Amino acid sequence: MSFRLEARGLDCERDGQRLFAGLGLSVADGDCLLVSGPNGSGKSTLLRMLAGQLPPQAGELAWCGRVLRHGARALRANLLYMGHAPGVAASLTPLETLAWYQALRGERGDDDARLAALEDWGLGEGAGIPAGQLSAGQRRRVALARLTLTSAPLWLLDEPFTALDRDAANLLEERLSAHVRAGGAVVLASHHVPALTVAMSRLALGESPRPDEVAV
Amino acid sequence: MGAGDADTGLATAWAATLGRELRRAGRRRGETLAPLTFFALVIALFPLGLTVQPERLAGLAPGLLWVTALLATLLSLEALFRDDHADGSLEQMLLAPQPLAALVLAKVLAHWLVGGLPLALLAPLLGVLLALPAGSYLPLAVSLALGSASLSLIGAIGAALTVGLARGGLLLSVLVLPLFVPVLIFGAGAAQAALVGGAFGAHLALLGALLALALLLAPWAIAAALRIAING
Amino acid sequence: MWRAIHRLGSPAIFYAVAGRLQPWCWALAIALLLAGSLWGLVWAPADYQQGDSVRILYVHVPTALLAQSVFVLLAAAGGVFLVWRIKLADMLAAAIAPFGALMTLLALVSGALWGLPTWGTWWVWDARLTSMLIQLFLYLGVIALRGAYTAAESGARASALLALVGVVNVPIIKFSVDWWQTLHQAATFSLVRPPSMPASMWLPLLVMVAGFYAFFVALALTRTRSEILRRESRTRWVRERVARTTGKAAR
């Protein structure tokens, strides 16, 4: 399947500070984009805008050429976004959490597949206990198991390497490469430059002089 | 692509969300039962603070039961979206390719099933403590069942608006208590009317009308509020 | 027409237009309020039942009317802001909300002051006073919610949504409170509708109401303008304007 997410002229201002202005980018099937920049440069904000979660002060998003109104479903149906918080409820087991995420996309799935996904990420043991008893890294792995299960082609991942040990990080790099090679797309906000086996373009935020400083 | 995207799966997603909420409530029994305990405890305090004369207590009982049930509901509202917001599940729910108003309705329904409905069932028992005559048990329970559903819906708007705020709890009560007034008036009115042997049908009909209106409008408001609050 | 509205939606243009209108509004407000006060408090006859205390009417009625209209306007501005994302609507909402709360408070206080000679007590759970009290809490919620958010944009949107929710509820609250009162108090003395008000009373009342509204418009223009300057302080047009006025002052 071919798709394209385009952003045009995005402006972002937070607490009176201009983070970026007139930002444009395009992500299509088979693309991998690394968004880098120092803390507070607007990486997370940009990802939230691309997910349609945060309305930009100016500019627009287009999915496959169609301009999206705020939070449009055409984009969300093809999107897997992972933010700073893993989205794993403490009182539910990893299996239940994964089942809910599948159901939100209208998929029933089955426990065998979910268990396999968890085992894939080294969590076979903890699959049936409430996630509150797992460590931060393990909860992060539960969230990453969604990558194994999902059918969404576009992944927006905000600092996915946080709290992961070396093995899990390697596995994630492997999965990201495989997803891009299979015709998916990944946008990644990270300090860590992942070792991918596919071509990766880069977008550096907060390094170029800010437009309003130039204008005065 | 296109039409095939946004179509199916709402029933699956809705049922799964309702099931998830009920399961979560069942796992955190302490938190789920706290409003009921509060309800029973406060009702037990009134005779100690007011009077133990049965006829005077009975006269006050509908109002006391209703106001306390309303406060118990208010207490439980703060937790409605709090944990989901903290652990990131709420963010994911907002990104689901389903109408958010429908998913939110599943959450509110669960809130009522484990909160308002048990309150309504418990109220006649506590009515005994307040010397409420047996004839008004049924109208009391029905008015609380109908009314607490409206309270859950209206209160969820406030809970959504304050979900990301540090001291949201206090603000939540300022936001929603004024909006609770009509429900309180019709609900306590029904129980009061039943107590004095009057017709309470009109009160219940009005409560039902309020609930219908809340069902129609509140889910959209809750969804819009969540989309605002998620960006804190 | 539509384009004119859109042009007015630009803060810079609104700032200029409002700047030209506001002296006239202030002049009109002061003239009407002076005339109305004199007429109502000095020349208008005292009520044969209530005596001079009926003159509280000339403050109570305008503030009560404004308390309600400002809330409707607040919600309308909120709706415009949420749907079309016109920032000016939010600046207007931020500028008028405290005024609306103040009017509600004044209506309550004047009602209570009126209650003492009429009912012999400061507070009676009269239907109007009760709905006014609830409305005051609605105002306070809208104002507090805006301040509670750290991100100004989110706070503005949240308080706009709450104003909309509130305005849907206001008629329901009014209805429920009226209904509640008919059950609890069979017939109290109605505050605002004396059997029939003679022209010598309602004419000055009309002038006072017009004066209060003119005052509101003038204040809204002035406050919105300062809100515009505060929020747009880093834009070019404000900087140029400041440079021009300070330059003029220097000359």
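The values are calculated or read from the model by the stated rules, or taken from the named source; none is laboratory data. Since the structure is predicted, the reported quantities are computational estimates derived from the model, not experimental observations. When we count neighbours, we look across all protein chains shown, and the Cβ atoms used for this are built from the backbone with ideal geometry, even at glycine. Side chains are part of the model used for accessible areas, which takes the heavy atoms of the whole protein and leaves out ligands, DNA and RNA. Shrake-Rupley method; radii C 1.70, N 1.55, O 1.52, S 1.80 Å.
Worth a mention:
- Taking amide H as placed 1.01 Å from N in the peptide plane, the amide H of A:Arg4 sits under 5 Å from that of A:Cys64, each at least 5 places away or on another chain.
- GNM top mover of A:Leu23, A:Leu172, A:Leu154 - chain A, alpha-carbon springs below 10 Å: A:Leu23
- Coupling constants for the range B:32-47 follow from the phi torsions by the Karplus curve (6.51 cos²θ - 1.76 cosθ + 1.60, θ = phi - 60°), and in residue order they are 5, 7, 4, x, 5, 4, 4, 4, 5, 5, 5, 4, 5, 6, 4, x Hz; glycine and proline get x.
- Tilt relative to chain B, helix B:117-129 - C-alpha long axis, 0 to 90 degrees, to 10: 10 degrees
- Surface accessible to a 1.4 Å probe, C:Arg223 within the full protein complex, Å²: 100 Å²
- Whole-Hz couplings from phi, Karplus 6.51/-1.76/1.60, listed for the range A:105-122; x for Gly and Pro: 8, x, 9, 7, x, 8, 4, 4, 5, 5, 5, 4, 5, 5, 5, 3, 9, x
- Long-range HN-HN contacts of A:Val187 with modeled amide H, under 5 Å: A:Leu33, A:Trp155, A:Leu156, A:Leu157
- Look at the dipole of the range B:10-231 built from charges on Cβ: of B:Gly187, B:Leu10, B:Leu140, the Cα furthest out on the positive end belongs to B:Leu10.
- Rounded percent of accessible protein surface that carbon and sulfur make up, chain A, 1.4 Å probe: 48 percent
- Only protein atoms count toward the accessible area here, which uses a 1.4 Å probe; on chain C, the carbon and sulfur part of that area reaches 69 percent.
- Most fluctuating residue given options B:Ala166, B:Ala123, B:Ala101, as computed from a GNM of chain B linking Cα atoms under 10 Å: B:Ala166
- Dipole magnitude of the range B:56-201 about its Cα centre (Cβ charges: Lys, Arg +1; Asp, Glu -1), debye to nearest 20: 400 debye
- Helix-only [θ]222 nm of chain A, DSSP H runs n ≥ 4, -39500 (n - 2.57) each, per residue, nearest 500: -9000 deg cm²/dmol
- Charging the Cβ of each Asp and Glu at -1 and of each Lys and Arg at +1, and nothing else, the dipole of chain C about its Cα centre rounds to 1540 debye.
- Choice from B:Gly208, B:Gly155, B:Gly147 with maximal GNM fluctuation in chain B (Cα, 10 Å cutoff): B:Gly208
- Estimated buried accessible area (total), pair B and A, 1.4 Å, Å² to nearest 100: 2900 Å²
- Taking the DSSP bridge list for the protein assembly as shown and keeping only pairs wholly inside it, about 50 percent are antiparallel.
- Axial C-alpha extent at least 20 Å, average Kyte-Doolittle at least -0.5 - helices from chain C (DSSP): C:11-38, C:57-84, C:87-119, C:127-148, C:152-184, C:199-231
- B/C buried area, accessible surface, summed, 1.4 Å probe, Å²: 2200 Å²
- Computed helical MRE - 222 nm, chain B, DSSP H runs ≥ 4 contributing -39500 (n - 2.57), nearest 500: -27000 deg cm²/dmol
- Under-5 Å amide H pairs with A:Gly37, H placed in peptide plane, nonlocal only: A:Leu205
- 3J(HN,Hα) along the range B:199-212, derived from phi through the Karplus expression 6.51 cos²θ - 1.76 cosθ + 1.60 where θ = phi - 60°, amounts to 7, 10, x, 5, 4, 5, 4, 5, 4, x, 5, 4, 5, 4 Hz, with x in place of Gly and Pro.
- Selected from B:Pro62, C:Thr150, A:Gly22, residue furthest toward positive end of dipole (the protein assembly as shown; charges at beta carbon): A:Gly22
- Simple rule: put +1 on each Lys or Arg Cβ and -1 on each Asp or Glu Cβ in chain B, find the dipole, and look at B:Thr162, B:Ala223, B:Ala212; the Cα lying farthest toward the positive end is B:Thr162.
- Once the chain from B:Leu22 to B:Leu45 is taken as fully extended at 0.36 nm per residue, the excess over their C-alpha distance is 5.2 nm.
- Total charge dipole magnitude, the range A:57-199, about the Cα centre, Cβ charges on Lys, Arg, Asp, Glu only, Debye to nearest 20: 600 debye
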